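Asker: First the structure, then my questions, so here it is.
The values are calculated or read from the model by the stated rules, or taken from the named source; none is laboratory data. Source: prediction; values computed, not measured. Every residue, glycine among them, receives a Cβ derived from its backbone with ideal geometry; neighbour counts consider all protein chains shown.
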Amino acid sequence: MEEIAYLPNDALVVGTIAEWHQQTWGYLTGRSTAERIAEFEEQFESRRIPLTLVAFVEGRPVGNASLLQSDMTTHPELTPWLASVFVLPHCRRRGIGARLCGRAVAEAERLGVTTLYLFTADRAPFYRRMGWVEMLREHYGGEPVTIMQLPLSR
Ligand SMILES: CC(C)(COP(=O)(O)OP(=O)(O)OC[C@H]1O[C@@H](n2cnc3c(N)ncnc32)[C@H](O)[C@@H]1OP(=O)(O)O)[C@@H](O)C(=O)NCCC(=O)NCCS
């Protein structure tokens with residue numbers, strides 16, 4: 001079983017996660033790996049938004065999820081967001097992604113968030129099973145995406 005922790009002040013962990021993000025979502029934002037690392041450096045041990053949660057197996061990072069104030073340049077009115085949910089391919093389909101999302105939702109509830117948002121290109125069914133509801137569909141970064149929301153209890 002994995003352990004889920006706040007982003008540690010550890011250059012190796014941050015560099016690893018920044019590289020995952022660059023490879024997975026680099027085409028969407030045009031940000032460099034160095035810019036991603038600089039953003040993560042603002043989130044070390046953060047318990048307020050923005051915050052990043054990291055899943056570790058035997059001390060090695062295998063996945064992460066973030067809570068951000070803003071995640072789509074086209075929707076500044078929506079906040080905050082569950083963003084950058086990622087699990088290493090060889091660790092998928094054993095519940096780590098769902099548990100990262102569950103922990104992120106618990107953090108949002110702790111912070112008094114009433115509605116959380118996300119967008120996804122192709123994982124809407126994964127989030128729907130966790131209670132997320134489709135809100136809008138549009139094109140973003142040249143591909144069709146679904147914007148979803150999750151109402152939270154206070
Ligand atoms: C999306 C992602 C984070 C899911 O991570 P994961 O750790 O595989 O997530 P889970 O294991 O909780 O669930 C994935 C699937 O495995 C299934 N599953 C969970 N435990 C399982 C088990 N023990 N045995 C078999 N299947 C299982 C889940 O039901 C789920 O099915 P679904 O894909 O049909 O919804 C991962 O695929 C990923 O990183 N993808 C690339 C980045 C990405 O697209 N991120 C989402 C951006 S919105």
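Asker: Among the residues of segment 83-110, which ones are aliphatic (A, V, I, L, M), free of Cβ contacts under 8 Å to residues at least 40 places away in the same chain and outside any helix (DSSP H, G or I)?
Answerer: ALA83, VAL85, VAL87
Asker: Residues to consider are LEU111, LEU136, LEU100, LEU150; find the one that is of a type in the set (A, V, I, L, M) and under 12 Å from the mean Cα position of the chain (by Cα).
Answerer: None of the others qualify; the one that does is LEU100.
Asker: On to the next question. Quick one: which of GLY112, GLY102, GLY131 is at positive phi and within 15 Å of the ligand (Cβ to nearest atom)?
Answerer: Testing whether each residue is at positive phi and within 15 Å of the ligand (Cβ to nearest atom) leaves just GLY131.
Asker: Taking into account only those residues within segment 3-32 that are modelled with pLDDT under 95 and not in a helix (DSSP H, G or I), which is surrounded by the most Cβ atoms within 10 Å (Cβ to Cβ)?
Answerer: ARG31
Asker: Residue by residue through segment 117-133, note down the ones that are without any contact (Cβ under 8 Å) to a residue 40 or more places away in the chain, surrounded by 13 or more Cβ atoms within 10 Å (Cβ to Cβ) and in a strand (DSSP E or B).
Answerer: Residue satisfying the conditions is THR120 alone.
Asker: Hey, among the residues in segment 33-54 that are among the basic types (Lys, Arg) and loosely packed, with under 14 Cβ neighbours inside 10 Å, which one's nearest to LEU7 (Cα to Cα)? Step through it out loud before you land on a result.
Answerer: Of all residues in segment 33-54, those among the basic types (Lys, Arg) come to 36, 47-48.
Narrowing further to those that are loosely packed, with under 14 Cβ neighbours inside 10 Å: 47-48.
Working: ARG47: 9, ARG48: 12 Å.
By that ranking, first place goes to ARG47.
Asker: For ASP71, which of the numbered conditions (1) in a loop (DSSP other than H, G, I, E, B); (2) surrounded by 17 or more Cβ atoms within 10 Å (Cβ to Cβ); (3) more than 12 Å from the ligand (Cβ to nearest atom) fails to hold?
Answerer: (3)
Asker: I'd like the residue in segment 55-67 that is at negative phi and surrounded by fewer than 19 Cβ atoms within 10 Å (Cβ to Cβ) and, out of all such residues, is nearest to the ligand (Cβ to nearest atom).
Answerer: Ranking the qualifying residues of segment 55-67, first place goes to VAL57.
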